[in-house]
Amino acid sequence: DILCSIELPPFSTFNFGAIVKSGAHLVLVPMNAKVIVDYDLESGTFQQIPLDAPMNSGNFRYAEVYADKVYMIGYRYPAILIYDVLQGSIRYERACFAGILSDRSGRHEEMLGKPCRVEDRLYIPVLQSNHVLEFSLKTEAYWLHTVGPDGAGYGYAEVYEGNIWLAPWMGGPIARWNPLDEGFELFPQIPHDFA
């Protein structure tokens, strides 16, 4: 069954970067689209919420749901967008991007990679530097951590046994980082027992 039909300006691929569920709402995260789409599973209705000054492409790629809010991670868009599903309102957290924006190279405008969540904290790799953005979903406070050598560029984060594993964005070693004790280890090749 078709739930709804959305009129979008044509783009070849990837209008939405993710779909997440918050309560009875399915929320489409706008990658190349210029609107958030919120479909209410109970009422069968949907709404489109326009972005503030959307980019032509690469707005938001990943999202996390916490306490009836959807936190959309800026891919090229310099903000974390906080969508309150119950209120139908959006806010932008832009201050945490001050240090990140200065790290972008001239070749690439992408900023943040795939985050991982540990309790109420998001750990978001910064694509073009050796930084990880720690973002509290509970308080919306943030910290920018320097992790590993200058040339690192992490694109993907995953948690396992209290460590954050960071995979490279454009090639390079895998890193293991512990945010509690700042322990760090670099693996120039895939570890022998890695699965």
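The values are calculated or read from the model by the stated rules, or taken from the named source; none is laboratory data. Bear in mind that the values here come from a model prediction, so they are computed numbers and not experimental data. Reconstructed Cβ throughout: ideal geometry from the backbone, glycine too, with neighbour counts over all protein chains shown. Accessible surface is based on the protein model in full, side chains and every heavy atom, while ligands, DNA and RNA are left aside. Shrake-Rupley method; radii C 1.70, N 1.55, O 1.52, S 1.80 Å.
Below are the figures for this structure:
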| read-out | value |
| --- | --- |
| Neighbourhood net charge (11 Å Cβ-Cβ; Lys/Arg +1, Asp/Glu -1) for HIS145 | -2 |
| FRET efficiency for ALA24 and SER102, using Cβ-Cβ distance with R0 set to 35 Å, rounded to 0.05 | 0.30 |
| The chain: calculated mean residue ellipticity at 222 nm from DSSP helix runs of at least 4, using -39500 (n - 2.57) | -500 deg cm²/dmol |
| Per-residue SASA entry for SER102, accessible area with 1.4 Å probe, Å² rounded to 10 | 90 |
| Partners for LYS138 among lysines (Cα-Cα distance below 25 Å; same-chain residues under 8 apart left out) | LYS21, LYS69, LYS114 |
| Computed magnitude of the charge dipole of the chain (debye, nearest 20; Cβ of K, R +1, Cβ of D, E -1) | 480 |
| Solvent-accessible area per residue, Å², over segment 122-170 with all protein chains present [probe radius 1.4 Å] | 42 |
| Selected from ALA18, ALA33, ALA67 as most flexible by GNM, with the chain as the system and alpha-carbon contacts under 10 Å | ALA67 |
| Kirkwood-based shape ratio for segment 8-80, expressed as Rg/Rh from alpha carbons | 0.96 |
| Carbon plus sulfur fraction of accessible area for segment 58-174, probe 1.4 Å, in percent | 48 |
| Sparse-neighbour loop sites [GluC sites (Glu not before Pro); segment 52-147; at most 12 other C-beta within 10 Å; DSSP] | GLU119 |
| From the C-alpha gyration tensor of the chain, square roots of 5λ in Å | 31, 18, 16 |
